[in-house]
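In what follows, a structure is listed as structure tokens, so that the remarks can point back to it.
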Amino acid sequence: MALILGIESSCDETSAAVVRDGAQVLSNVVSSQIATHAPYGGVVPELASREHLRAIVPVVREALQRANVEMKAIDALAVTQGPGLAGALLVGITYAKALSFALSKPLISVNHLEGHIHAVLLEHRQTHSEELPMPSLALVVSGGHTHLYRVDRTVQGWKYRNVGRTLDDAAGEAFDKVAKLLGLGYPGGPIIEQLALQGNPQAIAMPRSQIKARQKKHARGEEFEAASESYDFSFSGIKTSVLRFVESHAMKPAIAERQHSLSAVENPTVEDYLAHCDRLTLDLIASFQEAVVQDLVAKTLNAAQKFEVEALIVTGGVAANSRLRSQFVERAERQGLRVFFPSRGLSTDNAAMIAAAAYPNFLAGTFAEEHFSAEASMRLG
Ligand code: KG4
Ligand code: ZN
């Protein structure tokens, strides 16, 4: 039996969790910084680091208390190495290194994207004696990432092959930017999901992103070439057409008014938002969400066919979206594929997924080098 204390601080949630054997979540404490960043319409890196520093000690203490476990009973520590905001990552890493040093416990560094995949594997183990069917295709879709991985389990451990990714905005980022553009606040995903229920998703035509095969793109400063058939994503076209629609329909004064009115309401409810959205705005929101969802589902299902996988894993903050979930289930079933999601609590950033991803490394005795540091653009596969 192994108890792992996971620590996650890659973006705007400070989280600590105690997980037994990569399967039982004894505690999973998440302290969100949404209130700090909301006035800016997105995460402010400087503020994020400071908030992590404030939260890290009480969050870890609470995770141990809720798990009813003393620090000395922990077998190993696990911490997110990247990708994420460098300053934010450094807070978790520094704290985990100090704990590891002081307590003489091994430390395991974890890729945040692998963590999102393990959120699903972890929950599957809670109800099944077998691992989820492999190979599978994982769509990691969050505020920072829209990546497709072929996931396999080999004798050497878990293997990931990146088969597609966004060439511009991440899907969650598009939700956040469109929400900001429409005066709806941060984070955009949850409120867009609620408001989209009241609009007509077919009302406004959105462009379908077309990524041509063999197209060369600059991504994060390096050149890469897409595979002969591309499973890459692009959301900037959809985002731009929302902007154009706003401009051509003279919606800006109404948006400024909405933003002003909502900023005066503490913790606005869906009814508050609805009171400030006309039909055209609701149709625009619903059409935007539908375009993103259909693109994510279509590309993932194409890739699933190509890479002959047994199952789909859909994870990350945007995987909390109900329309995305129902469309995946409906369309994947037609293709004879099962889709696995994390529970909503484990969709967004949390440390339980980090502790779970670390467990195979714990068993293999693969620990972090003493000199390891944050890797803001860390890749998986
Ligand atoms: O995984 P996560 O907590 O952090 C990152 O690693 O980025 O994801 C946060 C992102 C935000 O962009 C947020 O708007 C989006 O996930 N999100 C959603 C929903 N809930 C959160 N997007 C669409 N629908 C939702 N219900
Ligand atoms: Zn994440």
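The values are calculated or read from the model by the stated rules, or taken from the named source; none is laboratory data. Everything numeric here is computed off the predicted structure, so don't read it as measured data. FYI the Cβ positions are ideal-geometry reconstructions off the backbone, even for glycines, and counts take in every protein chain you see. Side chains are part of the model used for accessible areas, which takes the heavy atoms of the whole protein and leaves out ligands, DNA and RNA. Shrake-Rupley method; radii C 1.70, N 1.55, O 1.52, S 1.80 Å.
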Evaluation of A286 against (1) under 18 Å from G164 (Cα atoms); (2) crowded, with 20+ Cβ neighbours inside 10 Å (one fails), failing number: (1)
Qualifying position, being more than 16 Å from ligand 2 (Cβ to nearest atom), at pLDDT 95 or above, acidic (D, E) and closer than 25 Å to N111 by Cα, among E290, E369: E369
Residue check for E70: among the charged types (D, E, K, R), under 25 Å from the mean Cα position of the chain (by Cα) and at pLDDT 95 or above: no
Residue match in region 241-257 (condition: under 24 Å from the mean Cα position of the chain (by Cα), of a type in the set (A, V, I, L, M, F, W, C), under 26 Å from L139 (Cβ atoms) and at pLDDT 95 or above): yes
Qualifying residue in region 125-135 (condition: within 12 Å of ligand 1 (Cβ to nearest atom) and either of a type in the set (S, T, Y) or crowded, with 21+ Cβ neighbours inside 10 Å (or both)): no
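Could we say that H145 is surrounded by 24 or more Cβ atoms within 10 Å (Cβ to Cβ) and within 12 Å of ligand 2 (Cβ to nearest atom) here? Show your work before the answer.
Values: surrounded by 24 or more Cβ atoms within 10 Å (Cβ to Cβ): no; within 12 Å of ligand 2 (Cβ to nearest atom): yes.
No: the conditions fail for H145.
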Contacts under 8 angstrom Cβ, first residue in region 92-114 being within 19 Å of E375 (Cα to Cα), partner away from ligand 2 (no atom under 16 Å from the Cβ) and of a type in the set (K, R), 6 or more apart: L107/K97
Search result, residues across region 72-91 that are open to solvent by less than 10 Å² (accessible area, probe 1.4 Å) and out of contact with any strand residue (DSSP E or B) (no Cβ under 8 Å at 6 or more places or on another chain): A88
Filter result (in contact (Cβ under 8 Å) with a residue 12 or more places away in the chain, open to solvent by 40 Å² or more (accessible area, probe 1.4 Å) and of a type in the set (G, A, S)) within region 32-46: S32
